[in-house]
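Throughout, read-outs are computed from the coordinates displayed, never taken from laboratory work. Since the model is a prediction, treat every value here as computed from it, not as a measurement. Here the Cβ positions follow ideal geometry from the backbone for every residue, glycine too, while neighbour counts run over all protein chains shown.
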Amino acid sequence: MNKLRLTFEKGEAVRYIGHLDVLRTFVRAMRRAEIPVKYSEGFNPHAVMTFALPLGVGVTSECELVDIAVTDEPHLSDVITRLNANLAPGGIKVVAAEYTDRPFREIIRAEYVIDIVNNGRLNIDDISAALAQKEILIEKKSKKKVSEINIMENIFESEILGYTDFSVRLRVVISAGNTFNIKPQLVCDALSTAAESLNPRAVFPCRKRFIFA
Amino acid sequence: MADIRHFLSKVEKPARYTGGEWGSVIKDPEKVDIRFAFCFPDIYDVGMSHLGMKILYGLINERPDTYCERVFAPWADMEQILRENSLPLFALETGDSLKDFDIAGFTLQYEMSYTNIVNMLDLAGIPLLSRDREGIFVCAGGPCAYNPEPLADIIDFFILGEGEEIINEVLDVFAAWKRANAPRKRFLEQIAELEGVYVPSFYDVSYNEDGTIASVSPNNPAAKEKIKKRIVKDLDKAYYPEKIIVPYTDIVHDRIMLEIFRGCSRGCRFCQAGIIYRPVREKSPEKLLNLADSLIKNTGYEEISLVSLSSSDYTRLGCLTDGLLKVTEPKNINLALPSLRVDNFSMELMEKMRRVRKSGLTFAPEAGTQRLRNVINKNITEEDIRSSATLAFSGGFSGIKLYFMLGLPTETDEDVIGIANLAEMVADCYFTIQKEKRARGLSVTVSASCFVPKPHTPFQWEAQDSIEVLERKQKLLRDSIKHRAIRFNWHEASVSYLEGVFSRGDRRLSKVIIAAQKKGCKFDSWHDFYSFDRWLEVFDECGVVPDFYTTRARSYDEILPWDHIDVGVSRDFLMRENEKAKKAVTTPQCREQCSGCGANSFGGGVCFE
Ligand code: SF4
């Protein structure tokens, strides 16, 4: 058995599908592409695959990672071509493939570009000021509990990439990983508590890259 | 204008509205002559599970001159966003407004979706009444179109019969009409001449004092006296898609559907599908295996399900399932065999089912006593049920679902209690199997729906039980079930009552449907919005007495609203069957003996086997 690691994009057309949908799409695309996927034993066999970090509904990505167990050692460029020929345009697209063992748990941060469409006129100084603060407290919900965190301790880089009177584009590098993960929407929620004119009507995040420890 | 993308993160399951799935068709709308919107009056999850849509979507998009897109009913959260922001209902492929299409084609799968049709037209900004409409044509087809009358004022034309047989002719006429720049009415006249097309505005209906129909007469030379349904004669030669859309999100039936035959040879007297799809026509196993192979390759689905009214009636089921298992097993694909009958459920078949997936088994005795089963011509015996149940339990199944109907003609309390007795008998079968040899956890589910008399069936003249009577029978049945392993599910009687109104309704109901939508009725088959009281108010305000359509028995000489629609089965046959029902006399099925129903006029299928 070999572990095949794919890097893929989640495009605009599939922004609103959830993690399970991405998984299902992959399983079916692999069957269409006749990739020699390894199936689990047992009564309900399923493809053996692991995603680095599930991506939420509403978020696109240029850097998703998935490990797939294969029974053979298919040619990497061939895997990419065959899979992409079996994925709908504008949706999921495989951009790289490799055989690697580097564990996903080494992921500590992720970079996002977030487009925010605002309700009402936006004062960009508000946002700069908010980004410069030392502390913005916000409630973070996880499966088990709700805790209050300081979002600023989890933003390692931030930058305003552009703005209009009613929108702004931010780049942030924030905490990521399977044990502790910050969602880009939470950053926006936190910023809007600190920046008075920021009142997002819609938020369009895109995950750009993972940062490993 | 507001941008729909700004709202998508605020609705439940936004992927219902974004399209772009594998298998969805991309065309340049500038480069086609006809924009066709296939409209399903329910949400994406339900509509995408529908086989007819997959067939027609594929077929229409084979035409280079036409682009067929999909439109579904938005769920209430999305509807609110559309209304608040004055956004029009749009098609999934291009996002273009439905109003700008050439033809909107609705599929009529169940009566309780009629308010959704009106709601969708309203959301699109399309006039609700056919006579007020310009531009887009609104048509409809599907099983409920065999009594098109309740929608007569709303729909411009109906397609009666199997869409794949006729839709290309309609589109050819449309293309020519559009090129000729002729008046709107001219198109309707041209298609009214095609067999299987019904233009309701070309008919006048007059009424007797008692509210029954006095006459239905054509008011346009293009309109035929009777409109006969169209069917595919040879299913092996008919179009069937080899590539279908594979949704990103979970839908109700998320699998390959392989239609093995159309129609049903049995002739159950309550069953509309058994009549309107006559005669039975099968696909050959060779053809089906080829289709399955392409569909598996093209979709990547992990499950394939055989589709028909009664899988175990397929004449070459053994050969077909053997062939399918050869393909599916090595690929870890499930094979599902729904719609089994108890009288030909075999050991062999059960073994195959166990190899693919151990799920519950479902049987449909429909009635609790032999007498009533004879009345409805459900030709199965208690012994059939006993042996099938025993076989299933000894084969490792522990769950059996039993389907019944309450309110069948001639039903007595004894028949109702008979359902409970039958279920107990099935449960007892489990205990005849040695403990080591049976699976643990016996569960028998009794599911009882309420009988609704349907047009074009032998029971089309019968009175429907009132809500009170049905509720009393439900209670009687509930109280008669003693065994702890038996669970009882029943249907809301008032929903069946409403279904009964529209099922045998006439064109005076169009205004009721429109008024109901105005009052907020929608998704009437969903619990979330359904309100019977609101419906009663609507009937009251429209001056329509719903009992007229439901609890009233019709005489043989009454003109029924759908009498000018010809499904190929003669009125004589239906009358004969109704008389036999009253005497609890059964009729053999087509494969044993032809009963001369009239469907041999189509020149194909079981009548000529
Ligand atoms: S004509 Fe005879 S064989 Fe054909 S469908 Fe009718 S009853 Fe069956």
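So the values come out like this:
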| read-out | value |
| --- | --- |
| Loop sites in region B:1-70: GluC sites (Glu not before Pro), DSSP, at most 14 other Cβ within 10 Å | B:Glu12, B:Glu62 |
| Dipole magnitude (debye, nearest 20) for chain B, charges at Cβ of Lys, Arg, Asp, Glu | 1440 |
| ³J(HN,Hα) computed for each position of region B:134-142 - Karplus, 6.51 cos²θ - 1.76 cosθ + 1.60, integer Hz, glycine/proline x | 10, x, 3, 9, 10, 10, 8, x, x |
| Region B:105-227: C-alpha gyration tensor shape, a/c 1.5 cut-off, then a/b vs b/c | rounded |
| Whole-angstrom gap from region B:425-464 to region B:62-135, using each part's C-alpha centre | 39 |
| 3J(HN,Hα) from dihedral phi, region B:30-43, Karplus parametrisation 6.51/-1.76/1.60, rounded to Hz, x for glycine, proline | 5, 9, 10, 8, 10, 9, 10, 10, 7, 10, 10, x, 7, 5 |
| In Hz, Karplus ³J(HN,Hα) per residue of region A:159-172 (6.51, -1.76, 1.60; θ = phi - 60°; x = Gly, Pro) | 7, 8, 8, x, 6, 10, 5, 10, 7, 8, 10, 10, 10, 9 |
| 5 angstrom amide H check on B:Trp22, placed H, neighbours 5+ away | A:Ala88, B:Val246 |
| Gyration tensor (alpha-carbon) shape descriptor, region B:17-136, a/c threshold 1.5 | rounded |
| Scattering profile of region B:457-592 at q = 0.14, 0.15, 0.17, 0.19 Å⁻¹ [log10 I(q)/I(0), Debye over alpha-carbon scatterers] | -0.86, -0.95, -1.09, -1.18 |
| Amide H partners (placed H, <5 Å) of B:Leu406, local residues excluded | B:Ser449, B:Cys450, B:Phe451 |
| Inter-probe distance in nm under a simple model that places probes 7 Å from Cα toward Cβ, at B:Phe608 and A:Arg105 | 7.0 |
| Listed residues B:Leu536, B:Thr551, B:His253: farthest to the positive end of the dipole of the protein assembly as shown (Cβ charges) | B:His253 |
| Percent of alpha-carbon pairs separated by more than 21 Å within region A:106-212 | 31 |
| Other-chain or far-sequence residues with amide H under 5 Å of A:Arg201's (modelled H) | A:Val117, A:Asn118, A:Asn119 |
| Out-of-range pairs (alpha-carbon distance over 23 Å; input B:Lys454/B:Lys519; B:Lys454/B:Lys582; B:Lys178/B:Lys228; B:Lys31/B:Lys185; B:Lys99/B:Lys522) | B:Lys454/B:Lys519; B:Lys178/B:Lys228; B:Lys31/B:Lys185 |
| Cβ-based charge dipole, the protein assembly as shown, positive-most Cα from B:Pro409, B:Ile486, B:Gly211 | B:Ile486 |
| Pairwise label distance in nanometres, B:Cys594 with B:Glu30, each label 7 Å out on the Cα-Cβ vector | 5.7 |
| Residue-averaged beta-carbon neighbours from other chains (10 angstrom radius) around A:83-91 | 3 |
| Charge dipole magnitude, Cβ of K and R +1, D and E -1 - region A:3-102, Cα centre, debye nearest 20 | 260 |
| Set of region A:187-201 residues, backbone N closer than 17 Å to the point 7 Å along the Cα-Cβ line of A:Val146 | A:187, A:189-190, A:193 |
| Value of D in µm² per second that Stokes-Einstein yields for the protein assembly as shown, Kirkwood Rh from Cα pairs, at 20 °C (1.002 mPa s) | 72 |
| Nearby lysines by direct alpha-carbon distance to B:Lys482 (threshold 20 angstrom, same-chain neighbours under 8 apart not counted) | B:Lys401, B:Lys473 |
| Virtual spin-label span in nm between A:Leu23 and A:Glu153, 7 Å along Cα→Cβ | 3.2 |
| Percent of beta bridges antiparallel (DSSP, chain B, rounded to nearest 5) | 20 |
| Percentage relative contact order, chain B, counting C-alpha pairs under 8 Å, at least six apart | 14 |
| Calculated log₁₀ intensity ratio I(q)/I(0) where the Debye formula runs over C-alpha points of region B:496-567, q = 0.16 Å⁻¹ | -0.61 |
| Volume in Å³ per residue [convex hull over Cα atoms, computed for region B:5-228] | 133 |
| Efficiency of FRET from Cβ geometry, B:Glu286 and B:Ala182, R₀ 60 Å, rounded to 0.05 | 0.85 |
| Computed Rg/Rh of chain B, alpha carbon atoms with Kirkwood Rh | 0.95 |
| Stokes-Einstein D for region A:3-102, Kirkwood Rh over Cα pairs, 20 °C, 1.002 mPa s (µm²/s) | 157 |
| Nearby lysines by direct alpha-carbon distance to A:Lys208 (threshold 17 angstrom, same-chain neighbours under 8 apart not counted) | A:Lys10, A:Lys93, A:Lys183 |
| Chain A: relative contact order in percent, alpha carbon pairs under 8 Å with at least 6 residues between | 26 |
| Label point at B:Lys519 placed 7 Å out along Cα→Cβ; residues across region B:144-162 whose backbone nitrogen lies under 20 Å | B:150-154 |
| For the protein assembly as shown, size of Cβ-based charge dipole, Lys and Arg +1, Asp and Glu -1, in debye | 1780 |
